[in-house]
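The values are calculated or read from the model by the stated rules, or taken from the named source; none is laboratory data. As the structure is a prediction and not an experimental result, all values here were calculated from the model. Cβ placement follows ideal geometry from the backbone for every residue including glycine, while neighbour counts extend to all protein chains displayed.
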Amino acid sequence: MSIHPSSPSAPVGVRAPIPVPSRSAARAASLSALVLCLAAAGPASGQGATPAGRPPALDPIVVTASRTAQPLLELLADVTVIGADEIARAGVSSLAELLQRQPGVEIVQNGGPAAVSGVFLRGANRGQTLVLVDGLRVGSSSAGSTTLEAIPLDQIERIEVLRGPASSLYGADAIGGVIQVFTRRGGKDLTGSVGAGYGTYNTAAATAGVRGSAGPLAFAVQAGGTRSDGFNAIVDPRNFSYNDDRDGYTSQNVSASLDLPWADGQALSASYLRNRLNAQYDGGPGFDERTITAVETWRVASVNRLAPWWTSTLSAGDGIDDSRSQTAFGDYTFDTTQRQYTWQNDFTLPGEAGALTLGLERREERLATEAAFAVTARDTDAVFGVWRVRIGDQALQANLRRDDSSQYGGRTTGAIAWGWRVSPNWRITAGYGTAFKAPTFNDLYYPGFSNPDLVPETSANVEAGVYATAAWDGVRVDARAIGYRNQVKRLIVFGCDADFNCRPDNVDQATLEGVTLGLDATFTAGTTVTASLDLASPEDDRTGLLLPRRAREHGALTIAHPFGPVRVGLEFIASGRRYDDPANRIPLAGYGIVNLTAEWTVQRGITLFARADNVFDRDYELAAGYATGGARVYAGLRWQP
């Protein structure tokens, strides 16, 4: 008898094998060719063309793909940037729900916005996607994943989603990719902001902040809170965890940042974030189970231009995840602190030799818990390098990193990516990279259910992309198709023998392969269309079955149009059939949900907004047995001069 960690009775945080396909390849290739042909149709005018009468949009600057600032259109990696406007329109959605609308992302959520949630990035397991907040790791060393539900949207200025293995940049856990959250920063002019809203389930939220500068010092402070009565997450009385009550939640958050350029090429910075989430959940009848989670980060950094060709960045900080569960059987605490030090050096090489980044990192993980773990600390030292060069219409990026852990030994990872701008409107990319996922403290030391001989999970990924841009008659279209194949080995699976002796082992492997298609269009009248479609076969190599809670097809569509001062938008999210268990015996039906948004700029700086989620009240599941709340409405006001 074996028990798989993704069975319905297992918590979302426990890892399951990973997936992906081949049967979708021909279908995906045909669709990608169709999208790209449509994008290239018409008299194309150049990469920088914009609809007539509209100023050219600024190319977002991205740092996650190479650890240094680069324009989005010059990247060789598959990256999405989620800006402040899109985050604001999310209302009181969770971070996971916001990410669900992005290419390559599927989510699991055990109830409402404050419930335990996770992200499957390109089909990788929940713990195989690294989450950073302002460059710091934040997550549980015991569970091995990040508490996404405890990262508040109130405090986020932008998000970068890097798809594909990135251990050669950031070390362990980046098999599926990296999600980096950036909190609010200061600005030149002193300004304040206020927001408040109310909606279904007696949900209320408010936030307020100030940002500006005093001489050379730029600063920002933001505080907010949310409360909701919630809904009953488990509605089937036959479920062992059923409790006929509402699963509400409260959260209180604050962030602050300081940036001080004290001389030419010299700057100091500091940032802080804290959120406390108190969320009820169903763990059985007759008791008010809840988890109280505090996510906290602080970081200080010194950026120094030591020479015209050499910039040094020295930083230190903590990523803290404190979790206390109150259950009918007692209270359980798992508190993680990750102290992190980084020294990064960016060099401009002579001539056309490009740019070189070299750095050192140290991470000190500490776990505090009542459970009798044999080991509650580990340290990891790393050295890394990134080389970027552009010669004519071709570009190259190579990464190399060595991690040495006091717990699981050394691991070397690398990556290489190449791009060629074939014409002003077409470019192609190709890449290869390796990654690994470290065993968690639970895997290694949980009393009676662990295996101290585990080794890290490993992966090797190849991918290729085609990007096209076209503009004609006031219309601009950007289209892309990225294919990938990620082989993941030594997957850690929890199982039990005939005598019910249970422990995790490195026994499984999977192949994550698929195609991500994307389309962005802007029209003269201000209408915007964003669409993505993921075609994959997330399968366990050993069984040939779909990996739990992942579909062969997943897509999203957003359409927005301004009517004078009013902007209305429609979001459509769809997913194919999934299964909640590795044996594929517990089906999760496919679904399609429609969300509506509206914003009215009453006068400069004052915006009334409304959001309606799942407007057709579709009954669907992201995890078997857990409700998703039905139709919901949220409305309010934002003031930001």
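Residues checked against (1) assigned to a strand (DSSP E or B); (2) touching a Phe, Trp or Tyr at 6+ places or on another chain (Cβ under 8 Å):
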residue	(1), (2)
TRP262	yes, no
SER269	yes, no
ARG274	yes, no
PRO285	no, yes
ASP288	no, no
ILE292	yes, no
VAL295	yes, no
SER315	yes, yes
ASP318	yes, yes
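Screening VAL119, VAL133, VAL108, VAL81 for residues that are in contact with a Pro (Cβ under 7 Å, 6 or more places away or on another chain), touching a residue at least 60 places away in the same chain (Cβ under 8 Å) and among the hydrophobic types (A, V, I, L, M, F, W, C) leaves exactly one candidate, VAL81. Taken together, the residues in region 596-635 that are on the phi < 0 side of the Ramachandran plot, out of contact with any Lys or Arg (no Cβ under 9 Å at 6 or more places or on another chain) and touching a residue at least 60 places away in the same chain (Cβ under 8 Å) amount to 2. Hey, among the residues in region 421-457 that are outside any loop (DSSP other than H, G, I, E, B) and of a type in the set (Phe, Trp, Tyr), which one's surrounded by the most Cβ atoms within 10 Å (Cβ to Cβ)? Top of the filtered list is PHE441.
Looking across region 169-197 at every residue that is in contact with a Lys or Arg (Cβ under 7 Å, 6 or more places away or on another chain) and surrounded by fewer than 17 Cβ atoms within 10 Å (Cβ to Cβ), the one that is modelled with the highest pLDDT is identified as THR191.
The set of residues from region 350-379 being more than 30 Å from ARG390 (Cα to Cα) and in a strand (DSSP E or B) comprises ARG362, ARG363, GLU364, GLU365, ARG366, LEU367, ALA368, THR369, ALA377, ARG378, ASP379. The condition of being hydrophobic (A, V, I, L, M, F, W, C), closer than 14 Å to ALA77 by Cα, assigned to a strand (DSSP E or B) and under 21 Å from the mean Cα position of the chain (by Cα) does not hold for ILE416. Just checking, does region 324-345 include any residue being out of contact with any His (no Cβ under 9 Å at 6 or more places or on another chain), aromatic (Phe, Trp, Tyr), closer than 30 Å to GLN280 by Cα and in a loop (DSSP other than H, G, I, E, B)? Yes, region 324-345 contains a residue that is out of contact with any His (no Cβ under 9 Å at 6 or more places or on another chain), aromatic (Phe, Trp, Tyr), closer than 30 Å to GLN280 by Cα and in a loop (DSSP other than H, G, I, E, B). In this structure, VAL119 does satisfy being at pLDDT 95 or above, outside any helix (DSSP H, G or I), in contact with a helix residue (DSSP H, G or I) (Cβ under 9 Å, 6 or more places away or on another chain) and of a type in the set (Val, Ile, Thr). For region 361-370, filtering for residues that are in contact (Cβ under 8 Å) with a residue 24 or more places away in the chain and either in contact with a Phe, Trp or Tyr (Cβ under 6 Å, 6 or more places away or on another chain) or surrounded by fewer than 17 Cβ atoms within 10 Å (Cβ to Cβ) (or both) leaves 6. When residues in region 74-109 are screened for being within 28 Å of ARG427 (Cβ to Cβ), at pLDDT 90 or above and part of a helix (DSSP H, G or I), 4 of them pass. Note on region 581-628: residues that are of a type outside the set (Val, Ile, Thr), assigned to a strand (DSSP E or B) and more than 22 Å from VAL116 (Cβ to Cβ) amount to 12. Right, ALA39: of a type in the set (A, V, I, L, M), at pLDDT below 90 and under 19 Å from ALA464 (Cβ atoms) or not? Judged against the criteria, ALA39 is a match. When every residue of region 372-387 is checked against the conditions, at least one turns out to be within 24 Å of the chain's Cα centre (by Cα), modelled with pLDDT of 95 or more and over 24 Å from TYR432 (Cα atoms).
Does region 59-73 contain at least one residue that is within 19 Å of the chain's Cα centre (by Cα), at pLDDT below 90 and not in a helix (DSSP H, G or I)? Checked against the condition, which is being within 19 Å of the chain's Cα centre (by Cα), at pLDDT below 90 and not in a helix (DSSP H, G or I), region 59-73 yields at least one hit. Among the residues in region 338-345, are any at pLDDT 95 or above and among the charged types (D, E, K, R)? Yes, region 338-345 contains at least one residue that is at pLDDT 95 or above and among the charged types (D, E, K, R). Out of curiosity, is THR313 surrounded by 19 or more Cβ atoms within 10 Å (Cβ to Cβ) and over 30 Å from PRO261 (Cβ atoms)? In short, no.
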